[in-house]
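Have a look at the structure below, then the notes.
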Amino acid sequence: MVFNFFRKRKNEEGESTDFIEIDSEVKLPESKVYVKTFSLKAYEDVNDILNALREGYTIAIIDTKFLKNKDIIELKRAISKIKKTIEAMEGSIAGFGETTVIATPQFVNIQKGSVEKIEKKKETGLETF
């Protein structure tokens, strides 16, 4: 549906009618959330992960097994860089197992700890998140 708004302006020859069309059906860009998997094989792979996270609609599942076996210091540097970026974006990051890290944007929270522990904290009033 298109609305027409008319404005009348006087010119030297009389009145003329100008109009502006406004589209009332605003089409929002598609904002799907993507779950993408990444493998950290080298420190340079962090750039691809950070670019995807900065888009704002990506949940990154990162396999760190290759870099952990290759160079633990590089792995720590890579995870530190990802963590700083996620904190700046007010997102969440968590490790699962020994070789998997999940990083999420601001609108996704990661529930850390087992469900039983969280339920027990809620019952006792010791909820910390």
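Laid out as a table, the results:
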item: Loop sites in segment 72-112: GluC sites (Glu not before Pro), DSSP, at most 14 other Cβ within 10 Å; result: Glu90, Glu98
item: Projected label distance in nm at Ser31 and Asp63, using a 7 Å step from Cα toward the beta-carbon; result: 3.2
item: Ser39 long-range amide H proximity, modeled H, under 5 Å; result: Asp63
item: Label-point gap, in nm, between Arg54 and Glu90 - each point 7 angstrom along Cα→Cβ; result: 2.0
item: For segment 32-46, Karplus couplings with θ = phi - 60° (6.51, -1.76, 1.60), whole Hz, Gly/Pro x; result: 7, 9, 10, 9, 10, 9, 9, 10, 8, 9, 8, 4, 5, 5, 4
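Read-outs throughout are calculated quantities, based only on the coordinates presented, and are distinct from any laboratory measurement. All values derive from a computational prediction rather than experimental measurement. Please note: Cβ atoms are built from the backbone with ideal geometry, for glycine as well, and neighbour counts cover all protein chains shown.
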